[in-house]
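Here's the structure we're looking at; comments come further down.
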There are 2 protein chains.
Amino acid sequence: FADLLPAKNGEEQTMQFLLEVVEILTNYIRKTFDRSTKVLDFHHPHQLLEGMEGFNLELSDQPESLEQILVDCRDTLKYGVRTGHPRFFNQLSTGLDIVGLAGEWLTSTANTNMFTYEIAPVFVLMEQLTLKKMREIVGWPDGEGDGIFSPGGAISNMYSVMIARYKFFPEVKTKGMAAAPRLILFTSEHSHYSIKKASAALGFGTENLILLKTDERGRVIPADLEAKVIDAKQKGFVPLFVNATAGTTVYGAFDPINEIADICEKYNIWLHVDGAWGGGLLMSRKHRHKLSGVERANSVTWNPHKMMGVPLQCSAILVRERGLLQGCNSMCAGYLFQPDKQYDVTYDTGDKAIQCGRHVDIFKFWLMWKAKGTVGFEQHIDKCLDLSAYLYNKIKNREGYEMVAPKIKAMMMESGTTMVGYQPQGEKVNFFRMVISNPAATRSDIDFLIDEIERLGNDL
Amino acid sequence: FADLLPAKNGEEQTMQFLLEVVEILTNYIRKTFDRSTKVLDFHHPHQLLEGMEGFNLELSDQPESLEQILVDCRDTLKYGVRTGHPRFFNQLSTGLDIVGLAGEWLTSTANTNMFTYEIAPVFVLMEQLTLKKMREIVGWPDGEGDGIFSPGGAISNMYSVMIARYKFFPEVKTKGMAAAPRLILFTSEHSHYSIKKASAALGFGTENLILLKTDERGRVIPADLEAKVIDAKQKGFVPLFVNATAGTTVYGAFDPINEIADICEKYNIWLHVDGAWGGGLLMSRKHRHKLSGVERANSVTWNPHKMMGVPLQCSAILVRERGLLQGCNSMCAGYLFQPDKQYDVTYDTGDKAIQCGRHVDIFKFWLMWKAKGTVGFEQHIDKCLDLSAYLYNKIKNREGYEMVAPKIKAMMMESGTTMVGYQPQGEKVNFFRMVISNPAATRSDIDFLIDEIERLGNDL
């Protein structure tokens, strides 16, 4: 134990070091929730690389003292971004849930791997129970089906395309894309770029991903989907997969799942719902109607690390038909998935994954669910949507500052008082993209943000 | 802040909760390094699902008290596996480095995302500096090239195949596999199954992955590679990619990289070195010769979370030619990678990844490197290889118990005293696969393991 640390300290010194890190972290947490603390203390890359106030990022041959390691920890936090700050609205994953954080600390202490029941018995069972609960909430009878936690929504979406291909053209697994006809994927022009990444990576080609038109609120127009499906078929291609987005990245739009499902059923196409962002609304009796029809999907991506406030990374891919994940990905590696183990090896879930080693993403989520109950997640979602309505009502009659969003953003980063993203969309110029999922944010923080944008705009 | 916890506790109660979790974790750590503690307390899935001694895994609608959450944390650890125990030899990732653990705790507290410099300035720079250092150690001039941390070696290997395809057939990105001739991949029959998973997922098909014969020590026979390359070309196919393994999963064999590189250069084939396991040897002046020729590879997978003892997940894919990762994967999403930001956007590395959100895997590794120095990693690697030689010398004259490995394994799990994996390979029957990378293991633990296997064998 003693020689685990560089300076050959004894056990007590080792534990003392860890407790000192904990003190740094708890101080950081207290400040993060204090609105008088800046969200960030911005520096350009070259400034940090030159060594701000002695903060040396370079690695060296010789060990540093534990005292210096503690200084490094403090500096790392000092020059970082407080994503849990009540005025951080920059990304879809924000906030810092203390129970979730405790769950992550335990997870790293356990430092194990999800591939087999053998070395992660409790976590494997927690994953199974939680995935089943999520499938029940999606609306699949008795929570039947399958699923796995993956390293983020992009990988979950990639899984959905792989599984769809395996369902209709299983021979691609062994013979490659040459064994299939030209396969066409469909998704909204507003959908997340991960669908495009998947089409490139998996060998479909981005030209075989057809973008669907959206209405003025950013929702897919079902008639456009049907027209494009018919067009593809007339060209002799095979429509394979439709992605409907529940909560688009920029507008937060919900595609009309039921109308899309009608078309998918009519033409025998796999329906995936990308609920990476909007899946959390399924926890709310008041708002889940926005995902009406989700139970008709063949697969669903749902990221608890977004609107539900679970620490990164926590993303689930849910599949309605059992056996496809295994069939698609299994390679039966003899050193991990021995069929002659002394326990029920159906709990060895590793061969369903495209990963081998797989980080334990379930525990923090499971622990938060225990601590909040289903009702607690519901309250959180309802609060976020209330805040969002509050913001909408507050600014609906104000316009004009979107033209200068990048300049205001730069000033906001320099002042460090709040953080919100911006982007252009189609023919629209740059505008701010406001994300509300931070459990620490209140109406006063929304007020602050609007005032701050106006204040910075006036300074231009 | 107060309402972050279910029971609306005040700030002090919240911090108190977190500190109580820390106490549970530090007690767990102390016991993990105590050899009189069991490695695991084995129970079958149905036993845990039925609720061992009140440990209820089921999720419910209503919140639990914080006291109950603490009990859940204790139970989770109680029924788990102590992967940091000095007598855990079961997986390639073992051990519990305290500085690495502190790094993980800080990482989860910072709870941010690697896609942009904007929200992870310090971590993004640490990743760049560390990847450059790793490339220098691989032997690429001035550490030039590119790379990224990915969620495990299987994904890193998948990247290598994607990049190779993009290098030679960039049109596959837009037009799909139909735009390329029949492409052939080569890897050892002893290589990790992730290469096969990648061939299936990316649309090559597993039949287009040719397995290479190995010698008696599990190393690829270069003449077999050349014969198979010529055979593929004669059939009109295009040999695209060769994977050489540095440290196979079961035998720990090192393929002869220089001889394989000669063939790859002769036939213009991408050479990837899968050093997920063996990459750590590059840190040792004494042992790095086993990877001679690695600097001739086009890409290298190297998992610090294996032999170097970094907590899971920490895997790097390194690429010799700059620009390929970006070219292969970029989709230029406007809401994240705005070209008009106020800082140097070449630091926004997210568009190189197949992920969107990306967990911060770098900090724990960076912090360990600071604490140990390059020399500390070297000492650790040298110690592991010394222990491995010790084990080899100790058992080379003993034989006979491999026939009953599964039975002994089952008894070992029940008794919980130590843990080692087993598997068959080719025509060989089940044998134990001994992994030495745990920094806490000493010669006495090796002695214990051998005695324990014999003791359990005698009880049969």
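The values are calculated or read from the model by the stated rules, or taken from the named source; none is laboratory data. This structure is a prediction, so every number in the text was calculated from the model and none was measured. Ideal geometry is used to build each Cβ from the backbone, glycine not excepted, and the neighbour counts take in all protein chains shown. We work out accessible area using only protein heavy atoms, side chains counted, and drop any ligands, DNA or RNA first. Shrake-Rupley method; radii C 1.70, N 1.55, O 1.52, S 1.80 Å.
What to note about this one:
- Listed conditions (1) within 30 Å of B:LYS409 (Cβ to Cβ); (2) open to solvent by 10 Å² or more (accessible area, probe 1.4 Å); (3) touching a residue at least 60 places away in the same chain (Cβ under 8 Å); (4) within 11 Å of chain B (Cβ to nearest Cβ) are all met by A:ARG322, apart from (4).
- Residue, nearest to A:TYR251 (Cα to Cα), within region A:301-330, restricted to residues that are of a type in the set (Val, Ile, Thr) and touching a Ser or Thr at 6+ places or on another chain (Cβ under 8 Å): A:THR301
- For B:ILE362, the conditions (1) farther than 26 Å from A:HIS43 by Cα; (2) open to solvent by less than 10 Å² (accessible area, probe 1.4 Å); (3) modelled with pLDDT of 95 or more; (4) within 14 Å of another protein chain (Cβ to nearest Cβ) are fulfilled apart from (1).
- Candidate set from region B:320-364 (those that are among the small types (Gly, Ala, Ser) and not in a loop (DSSP other than H, G, I, E, B)); member that is nearest to B:LYS175 (Cα to Cα): B:GLY327
- Verdict on A:VAL81 being within 9 Å of chain B (Cβ to nearest Cβ) and touching a strand residue (DSSP E or B) at 6+ places or on another chain (Cβ under 7 Å): yes
- Helices (runs of 4 or more DSSP H) fully within region A:133-204 counting 2 or more residues that are modelled with pLDDT of 95 or more and more than 7 Å from chain B (Cβ to nearest Cβ): A:153-168, A:194-201
- Complete set of residues in region A:205-224 that are within 14 Å of chain B (Cβ to nearest Cβ) and either part of a loop (DSSP other than H, G, I, E, B) or of a type in the set (D, E, K, R) (or both): A:GLY205, A:GLU207, A:GLY218
- The residue list B:GLU50, B:GLU58, B:GLU64 contains one member that is at the interface with chain A (Cβ under 7 Å from one of its Cβ atoms) and either surrounded by fewer than 16 Cβ atoms within 10 Å (Cβ to Cβ) or of a type outside the set (D, E, K, R) (or both), which is B:GLU58.
- Qualifying residue in region A:42-51 (condition: more than 28 Å from the chain's Cα centre (by Cα), of a type in the set (Phe, Trp, Tyr) and modelled with pLDDT under 95): no
- Single residue of region A:84-122 satisfying the filter (in a helix (DSSP H, G or I) and under 19 Å from the mean Cα position of the chain (by Cα)) that is nearest to the other protein chains (Cβ to nearest Cβ): A:GLU104
- Residues satisfying the stated conditions in region B:433-444, i.e. away from chain A (no Cβ under 11 Å) and either closer than 14 Å to A:LEU336 by Cβ or open to solvent by less than 40 Å² (accessible area, probe 1.4 Å) (or both): B:ILE436, B:SER437, B:ALA441
- For the residues B:VAL229, B:VAL124, B:VAL172, the requirement of being touching a helix residue (DSSP H, G or I) at 6+ places or on another chain (Cβ under 9 Å) and without any contact (Cβ under 8 Å) to a residue 12 or more places away in the chain singles out B:VAL172.
- Test for B:THR130: is it part of a helix (DSSP H, G or I), more than 23 Å from B:LYS197 (Cβ to Cβ) and free of Cβ contacts under 8 Å to residues at least 60 places away in the same chain: no
- One residue from B:LYS352, B:LYS396, B:LYS341 being at the interface with chain A (Cβ under 9 Å from one of its Cβ atoms) and among the charged types (D, E, K, R): B:LYS341
- Filter result (open to solvent by 10 Å² or more (accessible area, probe 1.4 Å), closer than 18 Å to B:THR214 by Cβ and in a strand (DSSP E or B)) within region B:233-273: B:PHE254
- Output for region B:179-206, where each listed residue is in contact with a Gly (Cβ under 8 Å, 6 or more places away or on another chain) and within 13 Å of A:SER199 (Cα to Cα): B:LEU202, B:GLY203
Yes or no, residue by residue, for (1) β-branched (Val, Ile, Thr); (2) more than 16 Å from B:LYS196 (Cα to Cα):
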{"position": "A:LEU312", "(1), (2)": "no, yes"}
{"position": "A:GLY323", "(1), (2)": "no, yes"}
{"position": "A:GLY327", "(1), (2)": "no, no"}
{"position": "A:TYR335", "(1), (2)": "no, no"}
{"position": "A:ASP351", "(1), (2)": "no, no"}
{"position": "A:CYS356", "(1), (2)": "no, no"}
{"position": "A:ILE362", "(1), (2)": "yes, yes"}
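- Residue pairs whose Cβ atoms lie under 9 Å apart, separated by 6 or more positions or on different chains, with the first residue in region A:198-218 and hydroxyl-bearing (Ser, Thr, Tyr) and the second part of a strand (DSSP E or B) and open to solvent by less than 40 Å² (accessible area, probe 1.4 Å), are A:SER199/A:LEU185; A:SER199/A:THR187; A:SER199/A:LEU209; A:THR214/A:SER188; A:THR214/A:VAL220.
- Taken together, B:SER93, B:SER60 contain a single residue that is of a type outside the set (A, V, I, L, M) and out of contact with any His (no Cβ under 8 Å at 6 or more places or on another chain), which is B:SER60.
- Those residues of region B:286-298 which are assigned to a loop (DSSP other than H, G, I, E, B) and within 17 Å of B:ALA389 (Cα to Cα), in sequence order: B:LYS286, B:HIS287
- Verdict on A:ILE317 being part of a helix (DSSP H, G or I) and crowded, with 21+ Cβ neighbours inside 10 Å: no
- Residues of region B:276-301 that turn out to be touching an Asp or Glu at 6+ places or on another chain (Cβ under 9 Å) and within 17 Å of B:PHE377 (Cα to Cα), as a count: 5
- Top-ranked residue in region B:418-427 [being more than 10 Å from chain A (Cβ to nearest Cβ) and more than 12 Å from B:PRO406 (Cα to Cα); ranked as surrounded by the most Cβ atoms within 10 Å (Cβ to Cβ)]: B:THR418
- One residue alone among A:LEU129, A:LEU106, A:LEU77 is under 19 Å from B:LEU101 (Cβ atoms) and open to solvent by 10 Å² or more (accessible area, probe 1.4 Å), and that residue is A:LEU77.
- Test: residue in region B:274-294 that is open to solvent by 60 Å² or more (accessible area, probe 1.4 Å), in contact with a Pro (Cβ under 7 Å, 6 or more places away or on another chain) and of a type outside the set (Phe, Trp, Tyr): no
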